[in-house]
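Okay, structure first, notes after.
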Amino acid sequence: MARYFITGGGTGGHIYPAVAVADYLSKDNEIYYIGNPKNLEHDIVKNYPFLPVNVSGLPRKATFDLIKWGIKLILAVIKSIYYTIKYKPDAVFGTGGYVSAPALIAAKILRVPYVMHDCDAKPGLVTRYLSKSASSVSLAFECAADYIKNENCYINGNPIRTEFKTLTKETARKNLGLEDKLTLCIMGGSQGAKSINKAACGILKTLSKTYDVQVIFQTGKRKFKEVEDRLAIEYPDYERDKNLIVKPYFDDMVSVLKASDIAVSRAGSLSISELCASGIATIFVPYPYAAADHQRKNARYMENMHAGIYLEDSETDKLLELITDLINNPDKLHKLQQAALDLAKFDGVLSIVKQINESTC
């Protein structure tokens, strides 16, 4: 039995791939998870011992905050060195981002093998800097390899749940109580997206009544009340419309995505991987303030691969036009769906686990 450190956090795009790999490795090995106890990973990671580090993202301006950040990072690295000496992991797996930096730096200092996975079209600063000394690197996007100086670099896609490969559209729709007809998913991530929500509220009635489209609308937990208030004005009868499901959050996102034909979504890397695995024609509305502008880069990549439609956050008033264009052009819809499905990688977890195993040989 081997022992592994898994690290990554801050956003679902860093956490869920790390957890997917941890779950697979845990069948025969001992797992410890290193993350920030103030972040989302502390709520999600329940099955493994959680080793806390207090670390935050790099400040964008050269102020006193930069000095405090540097001190915090050094202390987090020292703590990670302590964890590494105490538990003696055979290897460390990190999914990039600032949360993974202390454990990966500690591994580098103590010469413990480590493997990295980066989920974005342009890898983040931590990946670009630390991947040089990694045993191997896993990437979600082929274009990301241009930024990596490591010969052992593999394009695996993001680790995703096996249900994306096995669940049928028919079963997914039954799981949600939907009919077998054209279905649209609107989502802005677990926290929701104000611009997408606002635009969606104005078009739900038209989509349902004029085009007879089923709509699954995830508003985000913090923005559900705001959407309720807006819909009370825009479409007071929405709750009685059988074509609509409006919720703050869906625990079973596999069913939501597999049930859908078209989606409106932010452009986080994990979301893109799951949308591709579901064969969905997606209108990507990247979050304009994402770190290193990675969502725009992700969305542009999908557009360049003819596997998605790009829409700026400031132009969500065009959503209905773009959606109805897909509804009225089945051939265009199918081509986008097939191009997305062609980019799907279902065996990301197995490929990454193989890399981790090889790092310990």
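The values are calculated or read from the model by the stated rules, or taken from the named source; none is laboratory data. Quick caveat: nothing in here was measured; it's all calculated off a predicted structure. Methodologically, a virtual Cβ is constructed for each residue, glycine included, from the backbone with ideal geometry; neighbour enumeration extends over all protein chains shown.
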Members of region 174-202 that are basic (Lys, Arg) and touching a helix residue (DSSP H, G or I) at 6+ places or on another chain (Cβ under 8 Å): 194, 198
Residue 154 vs. criteria surrounded by fewer than 21 Cβ atoms within 10 Å (Cβ to Cβ), in contact (Cβ under 8 Å) with a residue 24 or more places away in the chain, hydroxyl-bearing (Ser, Thr, Tyr) and assigned by TED's automatic domain parsing to the domain that holds residue 114: yes
Residues being under 20 Å from residue 124 (Cβ atoms), in a loop (DSSP other than H, G, I, E, B) and in contact with a strand residue (DSSP E or B) (Cβ under 7 Å, 6 or more places away or on another chain) - total across region 1-35: 2
Wholly within region 280-361, helices (runs of 4 or more DSSP H) carrying at least 3 residues that are touching a Gly at 6+ places or on another chain (Cβ under 9 Å) and surrounded by fewer than 19 Cβ atoms within 10 Å (Cβ to Cβ): 330-343
Some residue of region 207-216 being assigned to a strand (DSSP E or B), in contact with a Phe, Trp or Tyr (Cβ under 8 Å, 6 or more places away or on another chain) and in the same structural domain as residue 295 (by TED's automatic domain parsing): yes
Qualifying positions in region 80-105 - more than 26 Å from the chain's Cα centre (by Cα) and of a type outside the set (Lys, Arg): 81, 82, 83, 84, 85, 87, 89, 90
Only listed residue being at pLDDT 95 or above and farther than 26 Å from residue 202 by Cβ, chosen from 269, 273, 265, 255: 255
Selection within region 302-356 - over 23 Å from the mean Cα position of the chain (by Cα) and assigned by TED's automatic domain parsing to the domain that holds residue 120: none
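This table checks each residue for (1) closer than 19 Å to residue 131 by Cα; (2) of a type outside the set (S, T, N, Q).
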| residue | (1), (2) |
| --- | --- |
| 43 | no, yes |
| 47 | no, no |
| 55 | no, yes |
| 69 | no, yes |
| 93 | yes, yes |
| 98 | yes, yes |
| 101 | yes, yes |
| 104 | yes, yes |
